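**Q** Sharing a structure, written as structure tokens. Questions coming.
The values are calculated or read from the model by the stated rules, or taken from the named source; none is laboratory data. None of these values were measured; they are calculated from a predicted model. We place every Cβ from the backbone using ideal geometry, glycine too, and count neighbours over all the protein chains shown. Surface accessibility is based on the protein's heavy atoms, side chains included, excluding ligands, DNA and RNA. Shrake-Rupley method; radii C 1.70, N 1.55, O 1.52, S 1.80 Å.
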Amino acid sequence: MSRTPVTKHDEGDGMTSLEMAPTNAGADGAAPLLEVRDLHVEFAVRDSVTKAVNGVNYSVNAGETLAVLGESGSGKSVTAQAIMGILDSPPGRIAKGEIFFQGQDILRLPENERRKLRGAKMAMIFQDALSSLNPVLSVGFQLGEMFRAHQGMSRKDAKAKAIELMDRVRIPAAAQRVGDYPHQFSGGMRQRIMIAMALALEPDLIIADEPTTALDVTVQAQVMDLLAELQREYNMGLILITHDLGVVADVADKIAVMYAGRIVETAPVHELYKRPAHPYTKGLLESIPRLDHKGQELYAIKGLPPNLQAIPPGCAFNPRCTMAQDVCRTDVPPLVPVTELDGTELPGRHSACHFWKETIHG
Amino acid sequence: MAEPTKLAKDDEPKDDATPNVSKVETVKVASEEEAVEVLDAPAQRGEPVLQVRNLVKHFPLTQGILFKKQIGAVKAVDGISFDLYQGETLGIVGESGCGKSTVAKLLMNLEQATAGEIFYKGQDITKLSGRALKAVRRNIQMVFQDPYTSLNPRMTVGDIIGEPFDIHPEVAPKGDRRRRVQELLDVVGLNPEYINRYPHQFSGGQRQRIGIARGLALNPEIIICDEPVSALDVSVQAQVINLMERLQDEFNLSYIFIAHDLSIVRHISDRVGVMYLGKMAEIGTDQQIYDHPTHPYTQALLSAVPVPDPDARDHRERIILTGDVPSPANPPSGCRFRTRCWKAEDKCAKEVPLLAVPERFKGVDTPAAHESACHFAEEKDVVGAA
Amino acid sequence: MTELVSGTGEPTAAGPVPAAPGAEPSVARVSQWTDIRHRFFANKLAVVGLVIIFLLVLVALFAPLLAPHDPLKQDLTQTLQSPGSAHWLGTDALGRDQLSRLIYGSRIAVIVGLASILVAVVIGVALGALAGYYGRWVDTVIMRVADVFFAFPLLIGAIVIILLMGRGVLPVVLSLAIFSWATFARLLRSQVLSVREMDYVHAAKALGAGQGRIIRKHILPNSLTSVLVYATSNVGIAIVAEASLSYLGVGVDPEVAEWGNMISAGRNFMGVKDFMWTYPSLAIVITALGFILLGNGLRDALDPKMR
């Protein structure tokens, strides 16, 4: 039952699976809340196979925020859908891998067991709150339904609970607005309702997929603050999926950077921004303009993200990488622990680059 | 800023909400030919090429199916004024619903202004039609936000970039057009052999380059960019921004760069205007606005931007605004920001603050001495540049 | 294919991303039409539909060569013959050869089906485009008129027209067209309304393009496909409607070799001489199915969302 995080190498197919050493593992060495191991997800459309996720490993502890950073097509959302069990399948298919949640491999659970987990133990917040809420039902009804469906609560009690939840996420005049429909709320308020719905049954894990991308910057700050505060209060694990390096810096404890369906780098948040150990992360950090000074010409990563139906051999980033050598075009770089030059381990740090030493120390 | 470059002639705009903008030098023309000539004359560096005065756009709200009656209006843009100087980039920032995209459409004459003027080389383009308007169109072009809807999916890249030449045949003779299109593809960093492909064969960033090439085709003086990179991936955004900066130098362009991403706007802009609910809250150079903001809304907006620096999260002051932006159909009286402002007093509900250099900074040599529409303007460093 | 555009729930999150520009030119890209053709022919049902329609048109074209007998020639010594070697599909109460009537019947089906939809599409597209592009009172007037035609029962309308014009192919084509253009007008109008707001239309206006050019080059090409797809499926429905009119006695002349007439003639022999109505019914079903499959195939092949 209890698994101590160990690093295991599996030479089988040249793919190395590694556990991310948790940055704040419990003193008793308890298992992480969620652990994804060597996850592979494919989409088979007509006669082509799109390899969306190609061996992802990450873990989250209770009370911890893991940011999964990546651009479109990096596989960050697909991984989340696989964890939640809401992958569109077909065409989606988990080709390989394990997902341990509170000690059990949830991929082996029968569907009715998994359904019980969703909402009660793990919940998800989506980018587009308007299309995630049912437009013909009042928000109070939709919030109350969580309690009726999972806890068999009466209509009246469920409504009282719904109002309480709306108060929690600071929707003004909750008691008056409980009967309103989703379109009657502003974007920020709708996202709060989504958060309320996710929190309703006090789950242990929340996955937030670009929760503030569709919101204005001042509203974004409100919603992010609320989410972080509630996470602390309930001691939940939070997986924050985003492309925004700013949001990540604001709330994450640790980061996993994804590219073409793989984790290319993991690190505690402060370390990643200070000393990236993968050329892709480094390029991303250098390519964003700053708010506090004007700066010169932006650094731009050349080329485009790869076609997932034809991922380049070797390191998927090699055609865009300034450091690429012959080895990068032939061998897939394994995700290996990153150390100081003297060999001192850097806890929680891994890089999938043949030249991580040159990247971080050079 | 904005010292009057030339003395004004007789019919200057009246009742200006922004006392500090330069005087408009209107040019009287007798005929359409003369107007076209004036409009096509090249602008000089440092001269205002575009002067917007008290621009208003109200969208009527109607009721009824057959007999529509107006029951109100969405005040999308409600009296804004600014200048665009030749060769500069003016950034316009604001949250959704502030009216910044409507400003773009008004400048492009895609929407009819309810009131106000837009002077281009001394001609009010809101009142032009026919050949004179066509001459304006040659000189003011636009790059759109969404690379997936801004290119006609049933036209080839060659047809899309060549369409400007079909509409303005005098710009390029027929036999020369294919070469011109290929040149443009090369200029924006695409392979000229792509000329026969369709938009769906390109990625978002490449499509945006095609849109830029179309905008450049007529050799315009001004390009209005409405959120040109917000739909692109982070790693591609930098490529497109760099391209736009290079083109500005190469073709001597003036940009109006409308965006919600404050970091990108700072990077590309020489001056920045901050809009809130159809009004300009504050305008100044990038340094004045970002490092010395005096309007509370600008300060809140800047403080809310997440910075890609985890060390900043502990010492950065965040101004978290409460509530949402009010509806532009029913904006608050007086200052529009007062319902969310921590400084608001009775005066703010009664008097509309003018966009002007605040009294306390007048004549003082400080970056805080720029136009700000607040009764209680005061400087506050929220970005942490100091 | 950016995160901002594609929602989180979409399976397309893993969709194809074009390769890097530098690495590309070696791969010859297929043109849009080849692309569409490939998709269409990959769809087996669509090909079945196309084959059915192709055969139907061949039969209609070469009816005189294919029909073993004159479809109108009566032979009172050979009435109500069951299918056999002399008459493969038997004969009717007047001794006319059923197979020949079935073969000639395809001519009416093809002509009426295509002509009525063609007329309806022309009217519908013209009025729908006007309503959608100009809006305001033009829109109100056209769409209210369309509502009236939309709500008017086809049968009653057809009777009125036949009372005015007499029976025949032309009145049938006209009545079908008059009572189906409204659907095309509505469909095109809604397409025009959404295409009109596309940025490429704004871009064309910003370039100074005139209204004619905008409608011709930008709005129509992008709003017509759904109308054409719908029209293709509707040819089958028009054929069914045409046969129904004949069956009910308000279609073409009862003498004419036509499927509805044949079913009508077989009506009195139901349970006794079932071959009289089953074969023409089967012909109608297969034809309608053919057009519907073809329409569905076109839709899937043309749907920009699939690209």
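**Q** How large is the accessible surface of B:F251 in square angstrom, using a 1.4 angstrom probe and rounding to the nearest 10?
**A** 70 Å²
**Q** Residues of A:279-292, mean number of Cβ from any other protein chain within 10 Å of their own Cβ, rounded to a whole number?
**A** Mean number of neighbouring Cβ atoms from other chains: 6.
**Q** Okay, moving on. So, with +1 on the Cβ of K and R and -1 on the Cβ of D and E, and no other charges, what is the size of the charge dipole of segment B:294-386 about its Cα centre, to the nearest 20 debye?
**A** Using only the charged Cβ atoms, the result is roughly 340 debye.
**Q** For segment B:294-386, what does the accessible surface come to per residue with a 1.4 Å probe? Please give it in Å².
**A** Value returned for segment B:294-386: 46 Å² of accessible area per residue.
**Q** Separate question: Using only C-alpha atoms and all pairs of different ones, pull out the Kirkwood radius for chain A in Å with one decimal.
**A** 21.5 Å
**Q** In a GNM of chain B with a 10 Å cut-off on Cα contacts, which of B:L321, B:L151, B:L253 has the highest mean-square fluctuation?
**A** Result for chain B, Cα springs under 10 Å: B:L321 fluctuates most.
**Q** Can you give the convex hull volume of the alpha carbon atoms of chain C per residue, in Å³?
**A** 198 Å³
**Q** Which chymotrypsin sites (Phe, Trp or Tyr not before Pro) from segment B:326-361 combine a DSSP loop assignment with at most 15 other Cβ atoms within 10 Å?
**A** Those satisfying the criteria are B:W342.
**Q** Evaluate the charge dipole of chain A about its Cα centre and quote only its size in Debye, nearest 20, assuming +1 on the Cβ of each Lys and Arg and -1 on the Cβ of each Asp and Glu.
**A** Approximately 880 debye in magnitude.
**Q** Divide, for segment B:163-302, the radius of gyration over alpha carbons by 2.2 N^0.38 Å, where N is the residue count.
**A** 1.22
**Q** Is the shape of segment C:189-257 best called rounded, prolate or oblate, per the rule: a/c under 1.5 gives rounded, else a/b larger than b/c gives prolate, else oblate, with a ≥ b ≥ c the square roots of the Cα gyration tensor eigenvalues?
**A** It comes out prolate by the Cα gyration axes.
**Q** Quickly work out the C:L94-to-B:Q70 label distance, labels modelled 7 Å from Cα along the C-beta direction, and quote it in nm with one decimal.
**A** 6.9 nm
**Q** Roughly how many percent of the accessible protein surface of segment B:294-386 is carbon and sulfur, given a 1.4 Å probe and a whole-percent answer?
**A** Carbon-and-sulfur percentage of accessible area, whole number: 49.
**Q** Would you kindly calculate the translational diffusion coefficient of segment A:251-295, applying Stokes-Einstein with the Kirkwood radius from alpha carbon pairs, for 25 °C and a viscosity of 0.890 mPa s, and quote it in µm² s⁻¹ without decimals?
**A** Translational D for this selection: 215 µm²/s.
**Q** Oh, and also: When all C-alpha to C-alpha distances in chain B are sorted into bins of 10 Å, what percent of pairs does each bin hold, rounded to whole numbers?
**A** Per 10 Å bin, starting at 0, the Cα pair percentages come out as 5, 22, 31, 25, 14, 4, 0.
**Q** Could you give the distance between the Cα centres of segment B:228-300 and segment B:32-93, to the whole Å?
**A** 19 Å
**Q** While we're looking at this one, here's another question. Grab the Cα-Cα distance for A:A149 and A:T322, subtract it from 0.36 nm times how many residues apart they are, and report the gain in nm with one decimal.
**A** Here the segment from A:A149 to A:T322 would lengthen by 56.9 nm.
**Q** Suppose R0 equals 22 Å; then what is the FRET efficiency for C:N268 and C:L289 from their Cβ-Cβ distance, rounded to the nearest 0.05?
**A** Efficiency, rounded to the nearest 0.05: 0.20.
**Q** How big is segment A:192-236 by the Kirkwood estimate over distinct Cα pairs, in Å?
**A** Taking every pair of different Cα atoms in segment A:192-236, averaging 1/r and inverting gives 10.9 Å.
**Q** Determine by what factor the alpha-carbon radius of gyration of segment B:43-139 differs from 2.2 N^0.38 Å, reporting the quotient.
**A** Scaled against compact globular proteins, the figure is 1.23.
**Q** For chain A, find the longest principal axis of its Cα atoms and tell me its angle to the long axis of helix A:111-120, 0 to 90°, nearest 10.
**A** Tilt of helix A:111-120: around 70 degrees.
**Q** Same structure, new question: I'm a student and want to see the number: the projected area of the Cα convex hull of segment A:106-243, averaged over all directions, in nm².
**A** Approximately 8.5 nm², given one-decimal rounding.
**Q** Would you work out which of A:L304, A:L272, A:V251 lies farthest towards the positive end of the dipole of segment A:215-310, given +1 charges on the beta-carbon of Lys and Arg and -1 on that of Asp and Glu, about the Cα centre?
**A** Value: A:L304.
**Q** Points 7 angstrom from Cα along the Cβ direction at B:A329 and C:V148: gap in nanometres?
**A** In this crude spin-label approximation the distance works out to 3.3 nm.
**Q** What distance in nm separates the simple spin-label points at B:D40 and A:E113, each placed 7 Å from Cα in the Cβ direction?
**A** It works out to 7.9 nm between the two label points.
**Q** Further, regarding this structure: Please determine, in degrees from 0 to 90 and to the nearest 10, the orientation of helix B:177-187 with respect to the longest principal axis defined by the Cα atoms of chain B, where the helix direction is its Cα long axis.
**A** 40 degrees
**Q** Which residue, C:G168, C:L154, C:W137, has the largest displacement toward the positive end of the dipole of segment C:129-241 when charges sit on each Cβ (Lys, Arg +1; Asp, Glu -1)?
**A** The residue sitting most towards the positive pole is C:W137.
**Q** Here is a follow-up. For the protein assembly as shown, report the % of Cα-Cα distances exceeding 54 Å.
**A** For the protein assembly as shown, the fraction of Cα-Cα distances above 54 Å is 29 percent.
**Q** On a 0 to 90° scale, report how tilted helix C:44-61 is relative to the longest principal axis of chain C, with both axes built from alpha carbons and the result rounded to the nearest 10.
**A** Between helix and principal axis, roughly 50 degrees.
**Q** Also, I was wondering about something else. Show which aspartates and glutamates lie in cross-link reach of B:K380 when reach means a straight Cα distance below 17 angstrom and same-chain residues fewer than eight apart are skipped.
**A** A:D292, B:E282, B:D286, B:D291, B:E317, B:E359, B:D365, B:E371
**Q** Hey, could you grab the Kirkwood Rh for segment B:294-386? Inverse mean 1/r over distinct alpha carbon pairs, Å, one decimal.
**A** The answer is 14.6 Å.
**Q** Net charge within 14 Å of A:A120 by Cβ-Cβ distance, Lys/Arg positive one each and Asp/Glu negative one each, not counting A:A120 itself?
**A** +2
**Q** Separate question: Suppose only helical runs count, i.e. DSSP H with n ≥ 4. What mean residue ellipticity at 222 nm does that imply for chain B under -39500 (n - 2.57) per run, divided by all residues and rounded to the nearest 500 deg cm²/dmol?
**A** -8000 deg cm²/dmol
**Q** When the Cα atoms of segment B:180-223 are enclosed in a convex hull and the volume is divided per residue, what value in Å³ results?
**A** In segment B:180-223, the Cα convex hull volume per residue is 68 Å³.
**Q** Positive end of the dipole of chain C, charges at C-beta (+1 Lys, Arg; -1 Asp, Glu), about the Cα centre: which of C:F275, C:A185, C:N261 has its Cα farthest in that direction?
**A** Selected residue: C:A185.
**Q** What's the percent breakdown of Cα-Cα distances in segment A:222-362 across 10 Å bins, shortest bin first?
**A** Whole-percent P(r) values from 0 Å outward: 10, 37, 34, 16, 3, 0.
**Q** A follow-up question, please. Can you give the extra length, in nm with one decimal, that the chain gains between B:E345 and B:H315 once fully stretched, where that is 0.36 nm per residue apart less the Cα-Cα distance?
**A** Going from the current span to full extension adds 7.9 nm.
**Q** Take the Cα pairs of segment C:28-143, get the Kirkwood Rh, then feed it into Stokes-Einstein at 4 °C and 1.567 mPa s and tell me D in µm²/s.
**A** Stokes-Einstein gives a translational diffusion coefficient of 70 µm²/s.
**Q** Can you give the extra length, in nm with one decimal, that the chain gains between A:A310 and A:A95 once fully stretched, where that is 0.36 nm per residue apart less the Cα-Cα distance?
**A** So the extension gain works out to 75.7 nm.
**Q** Please work out the ratio of the alpha-carbon Rg of segment A:34-177 to 2.2 N^0.38 Å and round it to two decimals.
**A** In units of the 2.2 N^0.38 Å rule of thumb, it is 1.23.
**Q** Let me ask something additional. Given only helices, namely DSSP H runs of n ≥ 4 each adding -39500 (n - 2.57), what is the per-residue ellipticity at 222 nm of chain A, to the nearest 500 deg cm²/dmol?
**A** Estimated from H runs of four or more residues: -9000 deg cm²/dmol.
**Q** According to the Cα gyration tensor, what semi-axes, each the square root of 5 times an eigenvalue, does the equivalent ellipsoid of segment C:44-87 have, listed from largest to smallest in whole Å?
**A** So the three semi-axes of segment C:44-87 are 31, 13, 7 Å.
**Q** Size of the dipole of the protein assembly as shown about the Cα centre, Lys and Arg at +1 and Asp and Glu at -1 on the beta carbon, nothing else charged, in debye to 20?
**A** Dipole magnitude for the protein assembly as shown comes out near 3120 debye.
**Q** Would you list the P(r) distribution for segment A:319-360, with all Cα-Cα distances sorted into 5 Å bins from 0 and each bin expressed as a whole %?
**A** 5, 22, 30, 22, 12, 8, 1
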